[in-house]
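The values are calculated or read from the model by the stated rules, or taken from the named source; none is laboratory data. Please read these numbers as outputs of a predicted model, since none were measured by experiment. Virtual Cβ from ideal backbone geometry, glycine too; neighbours counted across all protein chains shown.
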Amino acid sequence: MKDPNWRKCILRADSRDVIKHIPDNSIDFILTDPPYNLGQHSTGNIPLPGRSAMNNDVAEWDMVDFNPEEWADEFVRILKPTGNLFIFTSYNQLGRWYNCLDHKFDTSNFMVWHKTNPAPKIFKAGFLNSCEMIFTCWNKKHTWNFISQKEMHNFIESPICMRPERLSNPKHPAQKPVAILKKMIEIASNENDIVFDPFMGVGSVGVATLELNRRFIGVELDPCYFQAASERVEKVIVMSDKEAMTRYKQP
Ligand SMILES: C[S@@+](CC[C@H](N)C(=O)[O-])C[C@H]1O[C@@H](n2cnc3c(N)ncnc32)[C@H](O)[C@@H]1O
């Protein structure tokens, strides 16, 4: 990055290619939400009489085989010794992330995000999908900001992303609420740190990162999601520049 004042670098690309160019020990916080490999377990959309079918497939991008083992070494290589790694994941991938990352860090743990308004189960058979897991790991001397233990329950509760925050075009089935990402970023990084999201979707981690005055690197493969991410992060930069100008002009 040649500009010493850079704040964001977002790329429409395959992060497998991009990550190779990121130097060793250069990222403060990897906060990411990779594909879940749930698409292949889906029973398909549910037809509803007189209404549009209920979408039961996660998305096209989740139909491909995603292997955590192919990413673990690169994540470890680019992370600073003081860095943290938080990965949103599903029940079927949690053990795989644990197996390939736990032995490379001093500590691994997990958080649970409880969604207070999960999608209903039309046939009332089984549990609601109301929890998402976040696999976390770090080494001794990692960045960690909190005042009281009360802030440190490994449990976050919030609704899923709703309008007006939720985008309708493009609609991303996994758009994360910025508020929960901000909580993680505040705990696991400092101002001006570099936060990396190699699977940025519509850029929610980017928005949260820039709103908290950290620097952001994000990668997304899909052109529509990338465009939406690009507009969202640009908006944060414009807003923060405007606020800075207002503060500067005040006597
Ligand atoms: C779970 S979603 C992330 C959603 C994001 N957290 C948000 O709030 O919008 C995963 C994203 O990774 C993207 N993706 C999958 N494989 C990728 C790759 N190899 N490189 C870059 N992006 C990829 C998909 O297109 C998808 O948008």
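What about Asp3, is it among the charged types (D, E, K, R), at negative phi and modelled with pLDDT under 95?
yes
So that you can scan it fast, the table gives a plain yes or no per residue for (1) modelled with pLDDT of 95 or more; (2) touching a strand residue (DSSP E or B) at 6+ places or on another chain (Cβ under 9 Å):
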position	(1), (2)
Asn139	yes, yes
His142	yes, yes
Gln175	yes, no
Lys182	yes, no
Phe196	yes, yes
Val219	yes, yes
Ser240	no, no
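Residue by residue, here is whether (1) β-branched (Val, Ile, Thr); (2) closer than 24 Å to Val207 by Cβ; (3) under 19 Å from the mean Cα position of the chain (by Cα) holds:
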site	(1), (2), (3)
Asp62	no, yes, yes
Ala72	no, no, yes
Lys80	no, yes, yes
His103	no, no, no
Ser108	no, no, yes
Val112	yes, yes, yes
Lys115	no, yes, yes
Met133	no, yes, yes
Trp144	no, yes, yes
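Output the residue which, of all residues in segment 177-200 that are β-branched (Val, Ile, Thr) and without any contact (Cβ under 8 Å) to a residue 60 or more places away in the chain, is farthest from the ligand (Cβ to nearest atom).
Across segment 177-200, the extreme among qualifying residues is Ile187.
Does Ile160 satisfy the condition of being part of a strand (DSSP E or B) and touching a strand residue (DSSP E or B) at 6+ places or on another chain (Cβ under 8 Å)?
no
Go through the residues of segment 52-73 one by one and say whether even a single one is more than 16 Å from the ligand (Cβ to nearest atom) and either buried (at least 16 other Cβ atoms within 10 Å of the Cβ) or modelled with pLDDT of 95 or more (or both).
Among the residues of segment 52-73, not one is more than 16 Å from the ligand (Cβ to nearest atom) and either buried (at least 16 other Cβ atoms within 10 Å of the Cβ) or modelled with pLDDT of 95 or more (or both), which makes the answer no.
Would you mind finding the one in His142, His172 that is away from the ligand (no atom under 16 Å from the Cβ) and either surrounded by fewer than 22 Cβ atoms within 10 Å (Cβ to Cβ) or of a type in the set (A, V, I, L, M) (or both)?
His142
Of the conditions (1) under 27 Å from Ser26 (Cβ atoms); (2) under 12 Å from the mean Cα position of the chain (by Cα), Ala188 satisfies every one except a single condition; which number is it?
Against the list (1) under 27 Å from Ser26 (Cβ atoms); (2) under 12 Å from the mean Cα position of the chain (by Cα), Ala188 comes up short only on (2).
What are the pairs with Cβ atoms under 7 angstrom where one residue, in segment 156-170, is within 18 Å of Tyr225 (Cβ to Cβ) and the other, located anywhere, is among the hydroxyl-bearing types (Ser, Thr, Tyr)? Sequence gap at least six, or different chains.
Pro170/Tyr225
Restrict the check to segment 231-247 and report whether at least one residue is closer than 12 Å to Phe29 by Cβ, surrounded by fewer than 21 Cβ atoms within 10 Å (Cβ to Cβ) and more than 12 Å from the ligand (Cβ to nearest atom).
no
Being part of a strand (DSSP E or B) and either at pLDDT 95 or above or not β-branched (Val, Ile, Thr) (or both): is that true of Val202 here?
Answer is no for this residue.
Count, please, the residues in segment 190-202 that happen to be over 19 Å from Pro4 (Cβ atoms) and crowded, with 24+ Cβ neighbours inside 10 Å.
Adding up the residues that qualify gives 5.
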